[in-house]
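Structure first, then comments.
The values are calculated or read from the model by the stated rules, or taken from the named source; none is laboratory data. Fair warning: this is a prediction, and the values are worked out from it, not measured in the lab. Cβ coordinates were reconstructed from backbone atoms using ideal geometry, including for glycine residues, and neighbour counts include every protein chain displayed. We work out accessible area using only protein heavy atoms, side chains counted, and drop any ligands, DNA or RNA first. Shrake-Rupley method; radii C 1.70, N 1.55, O 1.52, S 1.80 Å.
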Amino acid sequence: QTLLGLNFQCRDSEGWDWFLTEDHEAVRHSPMTGSWVEFTPEDGMIDRPNRLIAGRNGGVWASGSHGDAAALAWFGDGVWTRRVMSTFSESTSVLSPSEDRDGWMYFGADANRQQDPRLTGGMLRARIHDGSLEVVALTPPDYPWKILQAARSGDGDWWFGTGASLYRKHGDEPARVVEKFRGNWVDSLSVAPDGNVWVLAWRTGVSEHT
């Protein structure tokens, strides 16, 4: 079946399929009943989502921007909860969202610091706790300013593609450039079942890192 104008995003724990429209609105579809539901900012959704992610513990996350500022929204029990981070970034990166074993979600900044020096950049850490949306900004110098891709290896280290280099962050130490990838565009980061990180990058191709 071809669904024109829809970009599939995820299937949630209740079996709903989620899509983004060309107009940046979230739509969910029930394969069982055939029903469609569209969500807009009037429902508590952000006005320019670029990703929808089904959480392991239920619910659906939306990331992107709202009113030209980075924003997140979480959908659970039929209700959207929105949080706008006006001093963080212009938006969150479409490729950066990831979830750890404890249910925390992570979203990287996609911003141009030269356009607005007030923006902190870095990464957002978010979860639902006791029914409330908690969001923490993880900022430079411990984290890169711009994070277009993010992955966490089995040893707990973070790996970040910034558009200019690959960074690795170990424990409480600041993120540092991986010299092999300095000045190199990272297309994709992926974590294998054994916890190793696979990197797809310009010029260097595909490589595995322990």
So, of the residues in region 1-38 that are touching a Phe, Trp or Tyr at 6+ places or on another chain (Cβ under 8 Å) and more than 12 Å from residue 52 (Cα to Cα), which turns out to be modelled with the lowest pLDDT? 3
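Working only within region 1-17, note down all residues that are assigned to a strand (DSSP E or B) and of a type in the set (D, E, K, R).
11, 17
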Can you name the condition, by its number, that residue 20 falls short on among (1) open to solvent by less than 20 Å² (accessible area, probe 1.4 Å); (2) part of a strand (DSSP E or B); (3) within 26 Å of residue 129 (Cβ to Cβ)? (3)
Taking region 98-114 as the region of interest, how many residues are part of a loop (DSSP other than H, G, I, E, B), over 23 Å from residue 141 (Cβ atoms) and touching a strand residue (DSSP E or B) at 6+ places or on another chain (Cβ under 6 Å)? 1
State all residues of region 115-144 that are assigned to a loop (DSSP other than H, G, I, E, B) and among the small types (Gly, Ala, Ser); if no residue qualifies, say none. 121, 122, 131
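Restrict the check to region 43-63 and report whether at least one residue is on the phi < 0 side of the Ramachandran plot, among the charged types (D, E, K, R) and free of Cβ contacts under 8 Å to residues at least 40 places away in the same chain.
yes
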Scanning region 23-40 for residues that are surrounded by fewer than 18 Cβ atoms within 10 Å (Cβ to Cβ) and of a type in the set (A, V, I, L, M), which turns out farthest from the chain's Cα centre (by Cα)? 32
Within region 74-97, of all residues that are in a loop (DSSP other than H, G, I, E, B) and under 9 Å from the mean Cα position of the chain (by Cα), the one surrounded by the fewest Cβ atoms within 10 Å (Cβ to Cβ) is 94
If you take the residues in region 81-113 that are β-branched (Val, Ile, Thr) and within 24 Å of residue 157 (Cα to Cα), which one is modelled with the highest pLDDT? 92
Look at residue 49 and say whether it is at pLDDT 95 or above and either open to solvent by 30 Å² or more (accessible area, probe 1.4 Å) or under 25 Å from residue 14 (Cβ atoms) (or both). yes
